[in-house]
Amino acid sequence: MAGSLLGKPDPMDVLSNSWYHLRLSVRYPERVATWDAIILTAASPEQAELYEWQLRRAKRMERIAESTITMAVPDPHGARIGSGAATLSAIRALADYLACHKSEVSLDNKEEPYDLSVYNELVKMRILLLHAGGDSKRVPWANPMGKVFLPLPYLAEEDPDGPVPLLFDHILAVSSCVVQAFKDKGGLFIMTGDVLPCFDSSTMALPDDGACVVTVPTTLDIAINHGVIVTSSTGTNVCDTGKKLDMVENLLQKPTLKELMNKRAIRSDGRALLDTGIFAIRGQAWQDIIKLSSSSPALISELLTQKAEMSLYEELAGAWVCARHEWLKTRPLGLDLVNVLGGQKLFTYCAYDLLFLHFGTSSEILDHLGEGHAGRVGRRHSSSIPASAFCDLATSSVILSSNIASGVSVGDESLIYDSTLSSGVQIGSRCVVVGVHVDQGLKAGSDKNEPLFVLPDRHCLWEVPLVGKACRVILCCGLEDNPKSSFQGGATFCGKRWEKLFSELGIQEDDVWNHTLKQQKYLWNAKLFPIVPQGEGLKLAMWLMGFHSNKKDSLHLWRNSQRISLEEMHRSIDYQRLCAESSHHRAKLAAGIAQACISYGLLGRNLSRLCAEILEGENGGTDICKSFLALCPNPQKGTLLNLPHSRAYQAQVDLCRACGQGKDANAIEEKVWAAVAAETAAAVKQEFQDQASEHLNGIASQMCDGNENYVLAHWPLQPKSARIELPVRVDFVGGWSDTPPWSLERIGYVLNMAIHLEGARPIGAEVVLTSRTGILIYDDAGNKLHLDNPRSIAPPFCEKDQFRLVKAALIVTGIVSQYDQNIVPMGLEISTWAKVPRGSGLGTSSILAAAVVKGLLHVIGGDESRENVARLVLVLEQLMGTGGGWQDQIGGLYPGVKCTRSLPGQPLLLNVESLSLSSQLILELQQRMLVVFTGQVRLAHQVLQKVVLRYLQRDACLITSIKRLAKLARIGRESLMIGNLDDLGRIMLEAWRLHQELDPYCSNELVDRLFSYVDPFCCGYKLVGAGGGGFALLLARTTEAADHLKDLLEASTFPVKVYNWSVSSEQFSDHS
């Protein structure tokens, strides 16, 4: 179902964008709205217990915000009440939860209206309701976990140390974008748990008052097997976004072609609107639903009495459609629905680009893992797998959360999940194995070449713990078996018709079905699966699937064993044990991966994520983490060869925190930052220091020898000065790839530009060599400092020290280490200025540092080349404790637009390519791009430390994002070289999205509102630098749009200032 084949977006791209939004909303819910509550419906209290465990896990893994209320609500008494009644029951359960937390008194199924405070809170809440109850007959191996929690490793490679993505996780991602459509109103958003609708839900429009069903145009051959929506030719609703929504005139359920024509359901393009099962309810319709749910205990009791169900699509939604009222009044409780809900209308939002990934059968699931988007499927995730020389694993197979021993074979397109396969296990092609843990102590038959267990092609195998049973039952079936098909209707088991199976195995119908109960005969209720120890269970499974060795013994064992059906298994699952065993299994896998990473590797895995999984295992996993801490490489012992000290220290920090040793972790964290600074200094080959030292030592030596003429010639007593004026820089894309320790270990690319503001270079420094001793420093704010003894300057510097930048410059230029006023009675005066707002994001600090360093090198005769100055500023910022990379000083030192590449090594190599752009393109850029101060002050080092920490932890999402930023810098270079500013705008937008991925706090509410305001006029926008405030770049679609937008901003209430700017195409100003 590749999007390109249908002319629709690639579903993987849609999911990737949705995941970005989900992560943002979970990490920063105050800025990016998230669900106030997430509720799952379940078939039974036991299944609800499993769902609660999964919900807690989703919170722990940052799939759900900590502030979100999560609940799993079982159908009352485990009876089937229908999705409509389950909806009312879920809202009632949430109201009960709120009442308990407010007054510590339960509603206790009272039928009176809710307390006013509970009602008012419900009205304001934005709630995601996911229908996930019931049994999964067509995918029986998913019953233990619940189909909504199927493993679905799309995009798993973006987080290799995180948990296996589940269908539930992807549904959370897609739905996270809908929250903004509710705006400041509460409401309910309903989805189903067996499909993944891939569409950009951020564009959804909702009615102010009413319900809305999401539809998608489909061909008539599909429409006749599903629900179809008929829209009115006249009724529309204009929502608060200005979009029109069509009113629903009728609901059809699996209509014939004649019905589609008679009910005017066929559109002008020959298609019909398919009901997706996705509903949004807001305004008065939401208030009506809340009121109806207050009486849901009585309504559900009546349904149970009548043994009836209430459907969401036919009954509940039908109450909003006038054409359905007469039919609805004949249904159980239909009159109540019409009376309470009938005053509001149902509208439809047509999602033309929506693609359904349906998980209705085992075969469909395998197809979705192997179709056109197979390149985005994580095929080996969170697993222990031997080298290819010791096992035979097809490249198309998918192995997730599993431990595979040597001597195992897995065929094409098979799925292995949450399992342990010991040597001698053979899995065929297009097979599914879930929750099977083959005991390593099991032995094959007498023939040494006989495999331990064989699963034939196109079969499913799973293992389940049962309540009150020590043994786990082993179950199997054919991939295409349909447990809902009847014995008389040609049903199959393990791919064979029942008659053939009975004949081959020697069993009778009465062995499988109890004829005295006069029950319908299905695979679902066939007592096939023996409850026996695992070794016997595996042999009997092979016997059932057609391996007939020892046929007589197998038949005897099978007949004399207690057996259960799929239906009975579904009711007997020991969910508590299932959760505990799964947690223990995954903890062991994570521990193995972590141990290998520490013992054999370069600490390339995210130990923080792995330890989080380990701690969920038996006994908490703390002792395991402590043992890893003892194994962890220690830089102080000199045992590291090709491992950066900063990474080794960070691994110790992560392990200490996992062990609960927070105090030790804080102490080691200081060593992390010291190591980053030391590694940065080591990467900058300071040849200038050798030259400066030789120069100053020569003077000192001659003075000691009384050679005054030499001293006068080489360090004249006449004052000498340097005045350096530099432009600021704006970055288009690539930032973060220039920052240590990334730039010390990986290639970096940045596309940026030097600009003048208000016709001037706003940053500068003046250095004067004087005959007075000591060093005098002052800035444009009137601050002043006199240092009698510069040798007293030493890091670490206080964050409040206003002159730490100049002090660090004196260190990196070698002046502090060489200064001796008794030998050379000379002094320095250093003044600095920056005529830009504080916290601008324009690289002010680094560019000012470059001006000071260049001035100092000039007066002492050092290497003042731009490349050398840029590298020294990199060291300077580590000494200051602010971090920072090379792009700011490169941006200010080199004129115009440039694409700069850094290559790790000693020294760090910087290749600055100034782009030769036409004067016409420069003029167009200056006319279309607005440089705007947002009025928001930001501190780069606060953002920077968070990002550097995640890199040192080897956060895979962060590494992927920075790699993409570096690649976008190269793409942006090509766009500028061919003069395509619109492409540059799109690159800026993606860069801004990635910056928020790296740190959600790089934006705020005001910036979000500003960008939303300018979006119609711009093809691209972003904050410059690390974000968090400061200046923004707004690239308008046209020159006219830029002029109009400038006028609008200047007249708006936004606290912004639009600056006049121009490309700085000259060398910096250098007056000596």
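Side notes on the structure shown:
- 5 Å binning of all Cα-Cα separations within the range 378-574, expressed as whole percents from 0 upward: 1, 7, 15, 20, 19, 17, 11, 6, 2, 1, 0, 0
- Relative contact order (%) - criterion: Cα under 8 Å, at least six apart; region: the chain: 8 percent
- Rounded to the nearest angstrom and listed largest first, the equivalent-ellipsoid semi-axes of the range 1-79 from its Cα gyration tensor are 29, 20, 10.
- For the range 224-367, the equivalent ellipsoid derived from the Cα gyration tensor has semi-axes of 26, 21, 17 Å, listed largest first.
- Nearest 10 degrees, 0 to 90: helix 956-977 Cα axis against the chain principal axis: 60 degrees
- Karplus-derived 3J(HN,Hα) values for the range 890-897, using 6.51 cos²θ - 1.76 cosθ + 1.60 with θ = phi - 60°, are 4, x, x, 7, 9, x, x, 8 Hz; glycine and proline are entered as x.
- Per-residue SASA entry for Phe933, accessible area with 1.4 Å probe, Å² rounded to 10: 30 Å²
- Counting only DSSP beta bridges with both residues in the chain, the antiparallel share comes to about 65 percent.
- Less than 5 angstrom separates the built amide H of Leu466 from those of Val473, Asp574, all sequence-distant by 5 or more or on a different chain.
- Relative contact order %, the range 809-952, counting alpha carbon pairs below 8 Å whose residues are six or more apart: 23 percent
- Two-site label geometry, His325 and Asp367: point separation in nm, points 7 Å out along Cα→Cβ: 4.2 nm
- Probe 1.4 Å, protein heavy atoms only - accessible area per residue of the chain in square angstrom: 40 Å²
- Coarse-grained scattering of the range 134-268 at q = 0.15 Å⁻¹, given as base-10 log I(q)/I(0) from a Debye sum over alpha-carbon atoms: -0.97
- Listed residues Ile573, Ile222 arranged by accessible area, highest first, probe 1.4 Å: Ile222, Ile573
- Geometric extent, Cα atoms of the range 397-514 - Rg, Dmax (angstrom): 15.8, 44
- Calculated SAXS-style log₁₀ I(q)/I(0) at q = 0.23 Å⁻¹ - the range 889-928, Debye, Cα scatterers: -0.81
- Cross-link pairs beyond the 19 Å C-alpha cut-off, checked among Lys185/Lys243; Lys854/Lys898; Lys244/Lys329: Lys854/Lys898; Lys244/Lys329
- Neighbours of Ser67 by Cβ distance under 15 Å: Lys/Arg scored +1, Asp/Glu scored -1, total +3.
- C-alpha long axis of helix 1005-1014 to longest principal axis of the chain, angle in °: 90 degrees
- Cβ charges +1 (Lys, Arg) and -1 (Asp, Glu), total dipole of the chain, debye: 1000 debye
- P(r) histogram, all alpha-carbon pairs of the range 577-674 included - 10 Å bins from 0, percent: 17, 48, 27, 7, 1
- Pairs of Cα atoms farther than 59 Å apart, the chain, %: 23 percent
- Computed over the Cα atoms of the range 861-988, pair by distinct pair, the Kirkwood hydrodynamic radius stands at 17.1 angstrom.
- Applying 1/(1 + (r/R0)^6) with R0 = 45 Å to the Cβ-Cβ distance of Arg791 and Glu974 gives a FRET efficiency near 0.35.
- Per-residue 3J(HN,Hα) values for the range 340-349, derived from phi via the Karplus relation 6.51 cos²θ - 1.76 cosθ + 1.60 with θ = phi - 60°, read 8, 9, x, x, 10, 10, 9, 10, 10, 9 Hz in sequence order (x marks Gly and Pro).
- Projecting the Cα positions of Gly435, Gly277, Ile959 onto the charge dipole of the chain (unit charges on Cβ atoms of Lys, Arg, Asp and Glu, taken about the Cα centre) puts Gly435 furthest along the positive direction.
- Accessible-area composition of the range 378-574, carbon plus sulfur, in percent [1.4 Å probe]: 47 percent
- Each residue was assigned an accessible area with a 1.4 Å probe, and for Ser1065 the value is about 90 Å².
- Amide hydrogen neighbours beyond the local backbone of Val410, cut-off 5 Å, H modeled: Asp392, Leu393, Ala394, Ile427
- Principal-axis analysis of the Cα atoms of the chain puts helix 82-103 at an angle of about 50° to the longest axis.
- Using C-alpha pairs under 8 Å with a sequence gap of at least 6, the mean separation divided by the residue count of the range 577-674 gives a relative contact order of 26 percent.
The values are calculated or read from the model by the stated rules, or taken from the named source; none is laboratory data. Please read these numbers as outputs of a predicted model, since none were measured by experiment. Don't worry about glycine lacking a Cβ; one is built from the backbone with ideal geometry, like all the others, and counts go over all protein chains shown. Surface accessibility is based on the protein's heavy atoms, side chains included, excluding ligands, DNA and RNA. Shrake-Rupley method; radii C 1.70, N 1.55, O 1.52, S 1.80 Å.
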